[in-house]
Amino acid sequence: MADEMSSNDQNKIALAREYFMRADQGRRDVLDLFHEDAEIYFPKFGFGFGRQSFFEMVKGFEGSLEHIQHDYDGLKFIPSGDYLVVEGTSHGKMSGKSWAGGKTPGGRFCNVFKFQDGRISSLHVYLDPDYTGDDEARFRWG
Amino acid sequence: MHRELYEVIVQGDVVIVELSLNGTHRGPLELPKGIVPPSGKRMKAPCCDVFRLKDGKIQSFHCYPIVTDSSWLPDETPTR
C-alpha cells in the first residue's frame, strides 16, 4: 500500500505520527498541528470546538492518568481524500493500574483525522475511555 | 435503536463509517448482574466501524469503542 500512496497521503501520515508523539509527551505544541477552529471529539467528553478544547479534554484525565504511549510500530494508516483513519493500540498506566492494547481489553483506538491546508481540521477519537477495564462487570461480555 | 450515519470513508477494500447508535431504553435490559427495567432514558453512542472487504464480503469488522458508552446505565446494581 505504501507504494501507492501520494505525497499528500504521506504528509498526512507524518502529521498524524507527530500528533501521537507530541500528545504522548504532553507537549503543548501539539496544538500547532491543529487549525485554530479545529473540532475535537472524544468519548464521554463529547465535541469540542477550537483547538484549545484538546486540552479541556486532556484535563479530564488529570490526577488519574500516569502515562500513555501509542504503539507507533503497529499503527495502521488508511488515507482517503482529506481524511486519514488510524487504527492502533496504546499502553499506559492509570490510577495505579496498567493497560496494554491488544493484551488487555482497553487500549484499542481508531482516530479519524480530517486535514485542511496541511493541518488537522478535525479529530474524532473512538476508544473505550475505561482503559483499565473497571467497568467490565456491567457488560454481558465483561 | 437505530443507526445515524455521519461519514463514510472508502479506501480500496476498507470502508470506515462514523455513526451513532441512538435509541430509547423502553424494554428490560439483561446484564450479567441482573435486569435493568425500562428507564425511558435516551442514548446516543457515537462510534466508528471499520470494515475490510474481500471478494464482496466482510473479512473483518472492528467497532470502536469496543465497549458501549454506559453513562446512561444506573450506578446501582440491578436486581433480578
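The table for this structure:
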| item | result |
| --- | --- |
| Partner lysines for A:LYS103 [C-alpha distance under 17 Å; skip if fewer than 8 residues away on the same chain] | A:LYS93 |
| Within-10-Å neighbourhood charge of A:GLY50 [Cβ basis; K, R +1; D, E -1] | -3 |
| The stretch A:1-119 - Rg over Rh from alpha carbon coordinates, Kirkwood radius | 0.96 |
| Which of A:HIS67, B:HIS2 has the fewest Cβ neighbours within 10 Å, and the rest in rising order | B:HIS2, A:HIS67 |
| Nitroxide proxy distance, nm - points 7 Å out along Cα→Cβ at A:GLN52 and B:LEU21 | 3.6 nm |
| Inter-part distance where the stretch A:48-89 and the stretch B:28-47 are each reduced to a Cα centre, Å | 29 Å |
| Relative contact order (%) - the stretch A:3-113, alpha-carbon pairs under 8 angstrom, separation at least six | 19 percent |
| Sorted by Cβ neighbour density within 10 Å, fewest at the top, the residues A:TYR83, A:TYR126 | A:TYR83, A:TYR126 |
| Assigned charges on the beta-carbon of Lys, Arg, Asp, Glu; the stretch A:2-138 dipole about Cα centre (debye) | 280 debye |
| Per-residue mean of C-beta atoms belonging to partner chains within 10 Å, peptide B:18-28 | 1 |
| Angle in degrees between helix A:7-24 and the longest Cα principal axis of chain A, rounded to the nearest 10 | 30 degrees |
| Binned Cα-Cα distances of the protein assembly as shown, short to long, each 10 Å bin given as a whole percent | 7, 30, 36, 20, 6, 1 |
| Among A:ASN111, B:GLY12, B:THR24 the positive-end extreme of the charge dipole of the protein assembly as shown (Cβ point charges) | B:THR24 |
| Within 10 Å of each Cβ in A:73-83, the average number of Cβ atoms from other chains | 3 |
| Set of aspartates and glutamates near B:LYS57 by C-alpha distance (under 14 Å), chain-local residues within fewer than 8 positions excluded | B:ASP13 |
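Any read-out appearing in this document is the output of simple, stated calculations on the displayed coordinates, not a laboratory observation. Bear in mind that the values here come from a model prediction, so they are computed numbers and not experimental data. A quick note on method: Cβ atoms are made from the backbone with ideal geometry, for glycine too, and the neighbour counts reach across all protein chains shown.
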